Amino acid sequence: MQDFLLNHEMAVRATAFVSVFLIVALAEIIAPRRKGANRLKRWPLNLGMVVLGSLAIRMIVPLIAVEAALRAADADIGLFNLVDLPRWVELVAAILLLDLTIYAQHVAFHRIPLLWRIHRMHHSDLMLDATSGIRFHPFEFVLSMLIKVGVVTALGADVVAVIVFEILLNATAMFNHGNLHLPERLDRMVRRILVTPDFHLVHHSTLRRDHDTNYGFNLPWWDYAFGTYKARPDKGLKDMQIGLPQWRSQDQLGLKTLLWTPFLSNSPNNKKGTPPAHERQHP
Ligand SMILES: [Zn+2]
């Protein structure tokens, strides 16, 4: 299993990525949660970001997480290389801890103004679908890969756990950003163990008091445990607005703007007076 995953890492990840993307995209066309996907304008941008982000990772960050795991094992460093636990325990623990790391990193990207400038490009999308789940600024790709390399090394995480986690994260991000609507009872059951599209939709509301909640990508448990869970956005799922107040039209969101998001002003263009405190945006 380990040899197969290592020898075919790119192929396995690419197959999982393309299959889940096609399934979610097809389901979105058959039963869209919201109308007006504006795919012709949004998809080239969102997919373009994936290409740029991947290039940035490959070029700027020589150490990817999988390599970090192999190096830690070779050097016999990191928590799991020092303690003697059954392999399945190490695998499960590494996946859980990596997921907790991604949760904590996401909280930091919202709470630290400089990091929010990088992360808000992801939030500027005016609709949500499978492509939004992979639309991150190249800076964010690089930063999160560096954080992952650090955590994988500190944990001495098993290389299989790292590859499985990468696949899971990619797949669940596309699923929970999907323009999908699970029946309410099913959603209630699924969100006990997995972040659902309606769970994550709250996180893309234009209102800060909504989008500073529901940070989980795979497991919803961290939001439940740390008090960052919100079941419904203030205006309800049907009436809530997706995106950020300073960018309300697709024409404002060209590739150049998306790339320059970290350096742009924070104030909404259409600001009328000072908004009430609970609607005020990030500093
Ligand atoms: Zn976010």
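Taking the longest Cα principal axis of the chain as reference, the axis of helix 87-111 is set at about 30 degrees. Here the extension length gained between A108 and N7 equals 32.9 nm, from 0.36 nm per residue of separation less the Cα-Cα distance.
Solvent-accessible surface of the chain, averaged per residue with a 1.4 angstrom probe and all protein chains in place: 49 square angstrom. If you fit an axis through the alpha-carbon atoms of helix 39-60 and take the longest principal axis of the Cα set of the chain, what angle between them do you get, 0 to 90°, nearest 10? Around 40 degrees separate the two axes. Other residues within the sphere of radius under 15 Å centred on the Cβ of V159, judged by their own Cβ, net out at -4 (K and R +1, D and E -1). The angle between the Cα long axis of helix 9-30 and the main principal axis of the chain comes to about 30°, on a 0 to 90 degree scale.
Counting every pair of alpha carbons in the chain, the share spaced more than 29 Å apart comes to 34 percent.
Here the spin labels are modelled as points 7 Å beyond Cα on the Cα-Cβ line, and at L40 and F226 they lie 4.2 nm apart.
Ligands, DNA and RNA left out, the accessible area of the chain computed with a 1.4 Å probe is 67% carbon and sulfur.
The values are calculated or read from the model by the stated rules, or taken from the named source; none is laboratory data. The structure presented is a predicted model; accordingly, all values stated were derived computationally and were not measured. Here Cβ is always computed from backbone atoms with ideal geometry, including for glycine, and neighbour counts include all displayed protein chains. The protein model used for the area step is the full one, side chains on, heavy atoms only, and it has no ligands, DNA or RNA in it. Shrake-Rupley method; radii C 1.70, N 1.55, O 1.52, S 1.80 Å.
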